[in-house]
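The values are calculated or read from the model by the stated rules, or taken from the named source; none is laboratory data. Only a predicted model underlies this, so the values are computations on that prediction, with no experimental measurement involved. Using ideal geometry, Cβ is built from the backbone for each residue, glycine included, and neighbour counts are taken over all protein chains shown.
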Amino acid sequence: MFAVDVGLPINPRGIEAQMMGGAMDGIAQALTAGLHLENGLPLEGSWDDYRYTRQWNVPFDSSA
C-alpha cells in the first residue's frame, strides 16, 4: 500500500498508472533488479540485460 499527494487531480487514470509504475519499480528493485554474478563475472553488461518487472510480476489488486 502506498499514498501520494497529487494536489488537484486532473487525470486520475494517469495518476493511477504512475502509482502502479512506481510500485512495479519498487518490486523490481527488491526482487529482480541488481547486479547478478556468475562465476565472479557480471551477467548484466548494459540496459539490454536489465530484468524489468512485468505486469504479471505484480500482485493482483482485488479492490478494483
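The figures follow:
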| item | result |
| --- | --- |
| In segment 1-48, the residues that are farther than 27 Å from PHE60 by Cα and of a type in the set (Ser, Thr, Tyr) | SER46 |
| Scan of segment 22-42 for residues that are surrounded by 11 or more Cβ atoms within 10 Å (Cβ to Cβ) and either assigned to a loop (DSSP other than H, G, I, E, B) or acidic (Asp, Glu) (or both), ordered by number | ASP25, THR32, ALA33, GLY34, HIS36 |
| Breaking point among (1) at pLDDT 85 or above; (2) surrounded by fewer than 10 Cβ atoms within 10 Å (Cβ to Cβ), for PRO9 | (2) |
